[in-house]
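**Q** Let me give you the structure first, and then I'll get to my questions.
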Amino acid sequence: MEYNIRIAGEAGQGIQSAAAILGKAAMRSGFHVYGYMDVESRIRGGLNFAHMRISSQDDEGVRSDYGILMALSQKAVDAFCENLREDGVLISSHGRDHANRMPVDIEQIAADAGAKAAVSTAGVSCICSLAGIDQDVVSKLLNEKFQGRREILEINLNVMRSAYEAAGKTGDEGHGLRPLPGTAKKDRLFLTGHEAVALGAVAGGVSFVTGYPMSPATGILNDIAKWSRNTGIVMEQSEDEIAAVNMLAGASYAGARAMTATSGGGFCLMTEGVSLVGMIEVPAVIVIAQRPGPATGLPTKTAQGDLHLALHAGHGFFPRVILAPQNIPDCFEITARAFDIAEKYQVPVFVLTDQLLQDSFASLVEPRTHQLQRERHLLDAESLDAMKTYRRYENTDSGISPMAVPGLSEHVVVVDSDEHDENGHLIEDALTAGKMARKRLRKAETVRKAHILPAPVIEDDEDTDHLFISWGSSYETVKETLKGLRRRGACCAHLNLRQLWPLDTEVLGRIWDRYKSVTIIENNVTGELCTLLETELKRTPDNLIKQVDGRPFSVQDLTDAVSDIIHVRTAGGGEKK
Amino acid sequence: MTDLKNAYDSGVEIAWCPGCGNFAILKALKDALARLDLPPHRVLLCSGIGQAPKLPHYAHVNTFDGLHGREVSAATGAKIAAGDLTVIVHAGDGGAYGEGGNHFIHAIRRNIDITLIVHDNKYYGLTKGQASPTGEQGTAVGLQPGGIVSSPLNPLALAISQSCGFVAQGASHDADGLSALIVEAVRHRGFSLLNVLQPCVTWDRAHTYAYYRENCYRLDGEYDPFDRSRAFDLVTMDSEKIPLGVIYRQKRADWHEAASRGSRDQPRDRTVDPARVHELFGMFR
């Protein structure tokens, strides 16, 4: 049993905060919550929505159907009533002739209380009433939200009471909606993807963050900035992305755990700096929150279209690591681990999120931190003092040269974007140049052989001919799609990749060969993972399912696409073949 | 003062043209560091690409030789991470004012405690004689054989107009004066600009040592660098005579002060404690 809810209206009408109140209220009432945002690149007007799922299960796929539509504008009614389920409820002051409209005028309730802007509180209260969420839970949340703003708080509390009362009077239970069963789970957090990345960075020991605002990455920078007073983390807004990546390199060289976050266009500006990071071998964590390109593309929409960009960014050869979190808890875990990986191997680590992941939100079990590394991989003052000489680029077997930071001992630390000798000074002779190129190559091999993330796991049915491979943020929707099809008798295995580079080609090849048909599912125009696996595994998939319009895959669309491949009757019932 | 006279010798073979002004700038820098009593490991020199940016390799100090035009950005990151280092940037006129122009402007705004020493010879030396942003209009150069079309940038006027806390000009033919200016620039708390005039002995026939000796003069004790209008007039008036010395000063809160961060509160020194994140979880329950 679950509620699918769409909250729609204009930018500036408080859709995001309405979703947050509803989400937290549901979480505190013991439900699982998942939601994603679809917004336009504007501050006022237009048509935005939050899609929320409130349930007693933990499905987090993107769905396009809904049983409750809270519409704050006529435009929202016009756009979204069509897909409202037949037994659904419309909560709106518009669309008055709609058969399923709940007879509650939310705008009037807000106006009567003295603030039209409180309409979203009225709407959320109606939904909570329908879902059987206790009024006290909502009241407490409003108290938290409007803390220190007494007048606004009173208005919102009055709106809440009136809306609960009006919704209660309708006796609206004729639409198949029943309060959900559930018990409060105390260790739950309500997090957006960007908050999970930012918290992961804190857990990973970040001490310096810099960046230039760009959707959909900005949330991460905002979060870190908000917490900087409590955490001591420096957040320095850069004048451009080029400054950001070079500041990152300087800070990392001087011993800070440093990060930046941007999207494709901003990352393009950073690529020379990425090459610098690779050459001077300083740790770097770079979050690329993907959105559709080319150029400005669709600033507030989603895509998985920058895998090749991350893979090839920067001129010349140097080792790198590319990770893609698969859901919100994974945003925390992967970002936290990225700092240790970057420092251990002295490489850039790219964390590939996207608008879907950044702006979506969910209730989740409080992340555990005991398994995260505390040790740093830098030479401490004591061991440096014991060294007679120090060479920043000592030619080791692993290719990893022990890293010292400047100022910690009497040794000086020299790094150079030119080809350099072991001491870090620029050279041009063939012998040294070859040594250094081979050192970086050996380091790449060390990184390739390291178990950076645990080996990929096949989910569910292995006794099948069909394997579906996805990566990063498409995980939940693909998982739920396949789960639905399995319930209808289909057999299909799922592999979602979180580590995109380096690839464990042996393991992946063995997995691939167990299946008769392999399908790759990814949200981009050309099939970037598909191309990568063709090159690295020397295998061509039987099918490629793509999405090219800047929207996330939905369970509905994917169910149709997958059914075409494995011949499941979409109307329900067993496998055809 | 500990004996630091020979402490900065790196032993790296120097690859500048014979007679280049960079030799004098290198000497002035080493003298200044010794006078400031800074041992090599307390100093970080940042640079980019070109002839001037090779300088850090010729001094035994911490060195970050990064990308062309991005030296100020790297220095900013390093200074934030390790506020106890003395951070000095050596850039050419192309790196500082051309490729890195945006970073230059924002370094003035940010006012972080680093010193930018620009080797200003009006030419791109290492790429073989093209115009730099300070090149004189009308001069025939590599990519503009008919003469430089754009008018030259006035970095001193730009810095003064943006209330840069320390603006000075030195010259490579006056190594003693230059050394004193480096000392003052490093001692200034906040972003300091030191533009150093030098002849390009390979590409420039007009601005020779003789030219600079004849036209440069040292500002005397009468001159008040805190007078902004006078400073601005001095660097914008139409005159053949070129002032050397501290041209403009202003007391401003530097980045550490404005951001309310003590220079001892260094990101570099933070230990990694994953459990620290639990303190933030309360906001999300």
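Values quoted throughout were computed directly from the atomic coordinates according to the rules given, and no laboratory measurement underlies them. These numbers come from a predicted model, not from an experiment. Backbone-built Cβ (ideal geometry, glycine too); neighbour counts: all protein chains shown.
**Q** What order do you get for A:202-212, A:295-305, A:156-166, A:140-150 when each peptide is scored by the mean count of other beta carbon atoms within 10 Å, highest first?
**A** Ranked by mean Cβ neighbours within 10 Å, highest first: A:202-212, A:156-166, A:295-305, A:140-150.
**Q** Which residue, A:167, B:81, B:181, has the largest displacement toward the positive end of the dipole of the protein assembly as shown when charges sit on each Cβ (Lys, Arg +1; Asp, Glu -1)?
**A** It is A:167, whose Cα lies furthest towards the positive end.
**Q** Taking the Cβ of residue B:98 as the center, what net charge do the other residues with Cβ under 13 Å away carry, scoring Lys and Arg +1 and Asp and Glu -1?
**A** Values: positive: B:70, B:122; negative: B:71, B:93, B:99, B:120.
That works out to -2.
**Q** Taking the 0 to 90 degree range and rounding to the nearest ten, how far is the long axis of helix A:430-449 tilted relative to the main principal axis of chain A, both from C-alpha atoms?
**A** 40
**Q** Let me have the relative contact order for the stretch A:7-64, percent, based on Cα pairs under 8 Å that are six or more residues apart.
**A** On the way: 91 pairs, mean separation 23.9, N = 58.
Answer for the stretch A:7-64 is 41 percent.
**Q** So what is the relative contact order of chain A, in percent, for Cα pairs below 8 Å that sit 6 or more residues apart?
**A** Taking the mean separation of contacting Cα pairs over the length of chain A, I get 12 percent.
**Q** Please name whichever of A:292, A:558, A:547 sits farthest to the positive end of the charge dipole of chain A, dipole taken about the Cα centre and charges placed at Cβ: Lys and Arg +1, Asp and Glu -1.
**A** Final value for the positive-end residue is A:558.
**Q** Hey, which lysines would be in cross-link range of residue B:27, C-alpha to C-alpha under 17 Å, not counting anything within fewer than 8 residues on its own chain?
**A** Straight-distance partners of residue B:27: B:5, B:54.
**Q** Can you give the Rg and Dmax of the stretch A:1-152 based on its C-alpha atoms, in angstrom?
**A** Considering the stretch A:1-152 through its Cα atoms, Rg and Dmax are 14.5, 43 Å.
**Q** Rounded, prolate or oblate: pick one for the stretch A:190-365, where a ≥ b ≥ c are the square roots of the eigenvalues of its C-alpha gyration tensor, a/c under 1.5 means rounded, and failing that, prolate if a/b is larger than b/c, else oblate.
**A** rounded
**Q** Also, quick follow-up: Only helices at least 27 Å long along their own axis, judged from Cα atoms, and with Kyte-Doolittle mean hydropathy of -0.5 or greater: name those in chain B from DSSP H.
**A** Once both thresholds are applied, nothing remains.
**Q** May I ask which residue of A:131, A:213, B:48 lies farthest towards the positive end of the charge dipole of the protein assembly as shown, with charges of +1 (Lys, Arg) and -1 (Asp, Glu) on Cβ and the Cα centre as origin?
**A** A:131
**Q** Using the Cα centre as the reference, give the magnitude of the dipole from point charges on the C-beta atoms of chain B (Lys, Arg: +1; Asp, Glu: -1; all else neutral), rounded to the nearest 20 debye. Each step should come with its number before you reach the end.
**A** On the way: 29 positive and 31 negative charges, 139 e Å.
My answer is approximately 660 debye.
**Q** Near residue A:24, which lysines are there with a Cα under 22 Å away, not counting those fewer than 8 places off in the same chain?
**A** By straight Cα distance, residue A:24 reaches A:140, A:145, A:185, A:186, A:226.
**Q** Let me test this: with uniform point scatterers at the alpha carbons of chain A, what is the Debye-based log₁₀ I(q)/I(0) at q = 0.08 1/Å?
**A** Ignoring solvent entirely, the Cα scatterers give -0.59.
**Q** Then there is this: Would you mind counting up the charge near residue A:526? Only other residues with Cβ under 15 Å from its Cβ, with Lys and Arg at +1 and Asp and Glu at -1.
**A** Values: positive: A:546; negative: A:306, A:522, A:528, A:534, A:549.
Charge balance near residue A:526 sits at -4.
**Q** So, one more: When the helix-only estimate is applied to chain B (DSSP H runs of n ≥ 4, each -39,500 (n - 2.57), divided by the residue count), what is the mean residue ellipticity at 222 nm, nearest 500 deg cm²/dmol?
**A** -7500 deg cm²/dmol
**Q** Please identify every one of the trypsin sites (Lys or Arg not before Pro) in the stretch A:382-483 that sits in a loop by DSSP and has no more than 11 other beta carbons within 10 Å of its own beta carbon.
**A** A:388
**Q** Below 19 Å, Cα to Cα, which lysines can residue A:546 reach? Residues fewer than 8 away in the same chain don't count.
**A** A:301, A:479
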